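Q: Could you have a look at this structure, given as structure tokens, before my questions?
The values are calculated or read from the model by the stated rules, or taken from the named source; none is laboratory data. The structure presented is a predicted model; accordingly, all values stated were derived computationally and were not measured. Reconstructed Cβ throughout: ideal geometry from the backbone, glycine too, with neighbour counts over all protein chains shown.
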Amino acid sequence: MEPKSERLRTPRAAGMAGAVFALLLAAAIVLMRIAVPSGNVADAAVDPDERWAVRTALEIVPFAGISFLWFMGALRTQVGEVEDRFVATVFLGSGLVFVATLFGAAAAAGTVLNEGRPSDFGRHYAYTLLTTYALRMAAVFIFTASTIGHRLGVFPRPLALIGYLAGLILLVVGSSAPWSELVFPAWVLIVSVHILRIGLRQRSGAEGKG
């Protein structure tokens with residue numbers, strides 16, 4: 001059986017990593033929206049005075065990706081060995097593909113920082129990679145995480161329903177609705193707060209028994 005100290009640390013690690021990821025990714029998205037207020041990174045030009053926002057956002061993304069991997073790993077540890085293998089495989093795969101596409105989109109988005117004429121291909125590639133692929137992988141991740149969490153009783157029904165709604169928004173309208181990218185970090189933050197509350201209750205219960 002897993003040691004008590006590990007059971008207590010895992011929810012706290014998942015919750016903290018998820019909160020860090022949510023805040024970092026949300027900050028990167030907001031900074032990109034500041035640089036491209038029209039909402040379409042693929043077609044809009046970036047004001048030279050706002051290049052700092054793009055540069056800062058691109059510096060944030062790697063740390064957001066690292067935090068997400070930590071969140072995903074800690075969440076899998078919390079789930080344990082009793083989850084459905086098929087759903088667990090999709091959960092892991094969608095999370096890894098999300099991080100890969102997020103990094104690819106960030107690298108391509110760096111073309112807007114060129115001193116000369118920015119690469120149109122790079123901008124379109126970054127926008128398509130983020131809205132068409134990364135957000136949809138995020139939707140799959142939300143669906144599977146909500147399914148596993150609800151089956152194991154980790155997520156209450158309202159939280160699972162919020163997850164399904166968030167995943168549906170990203171899957172259907174993610175590429176056409178401005179600011180829809182914030183749905184994913186918002187969901188992760190909600191889940192992280194819930195996991196931290198579970199960790200605090202477990203800790204209080206353990207101290208009470210001690």
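Q: Looking at VAL87, VAL79, VAL54, can you tell me which residue is at pLDDT below 75 and touching a helix residue (DSSP H, G or I) at 6+ places or on another chain (Cβ under 6 Å)? So that I can check it myself, show each step before the final result.
A: On the way: VAL87 fails: at pLDDT below 75; VAL54 fails: at pLDDT below 75.
Answer to the selection: VAL79.
Q: Something else: Can you pull out the residues in segment 178-193 that are assigned to a helix (DSSP H, G or I) and farther than 17 Å from PHE143 by Cβ? First the steps, then the outcome.
A: Start the filter on segment 178-193 by keeping residues that are assigned to a helix (DSSP H, G or I), which leaves 180-193.
The answer is GLU181, LEU182, LEU189, SER192, VAL193.
Q: Return the residues of segment 93-117 that are modelled with pLDDT of 80 or more and of a type in the set (Ser, Thr, Tyr); say none if nothing qualifies.
A: Answer for segment 93-117, where residues must be modelled with pLDDT of 80 or more and of a type in the set (Ser, Thr, Tyr): SER94, THR101.
Q: Using beta carbons and a limit of 9 Å, which pairs, at least six apart or on different chains, have the first residue in segment 62-88 and in a helix (DSSP H, G or I) and among the hydroxyl-bearing types (Ser, Thr, Tyr) and the second one modelled with pLDDT under 80 and surrounded by 15 or more Cβ atoms within 10 Å (Cβ to Cβ)?
A: That search, which allows pairs on different chains as well, returns THR77/THR10; THR77/ALA13; THR77/ALA14.
Q: Quick one: in segment 28-51, which of the residues that are among the hydrophobic types (A, V, I, L, M, F, W, C) and not in a helix (DSSP H, G or I) is modelled with the highest pLDDT? Lay out the reasoning, then the answer.
A: Within segment 28-51, the subset among the hydrophobic types (A, V, I, L, M, F, W, C) is 28-32, 34-36, 41-42, 44-46.
Still in the list and also not in a helix (DSSP H, G or I): 36, 41-42, 44-46.
On the way: VAL36: 64, VAL41: 51, ALA42: 50, ALA44: 53, ALA45: 58, VAL46: 60.
Ranking the candidates gives VAL36 first.
Q: Return yes when HIS194 is in contact with a Lys or Arg (Cβ under 9 Å, 6 or more places away or on another chain), modelled with pLDDT of 75 or more and within 26 Å of ALA14 (Cα to Cα) and no when it is not. First the steps, then the outcome.
A: Values: in contact with a Lys or Arg (Cβ under 9 Å, 6 or more places away or on another chain): no; modelled with pLDDT of 75 or more: yes; within 26 Å of ALA14 (Cα to Cα): yes.
Against the criterion (in contact with a Lys or Arg (Cβ under 9 Å, 6 or more places away or on another chain), modelled with pLDDT of 75 or more and within 26 Å of ALA14 (Cα to Cα)), HIS194 does not qualify.
Q: Identify the residue in segment 140-158 that is crowded, with 23+ Cβ neighbours inside 10 Å and hydrophobic (A, V, I, L, M, F, W, C) and, among all such residues, is farthest from ALA64 (Cα to Cα).
A: ILE148
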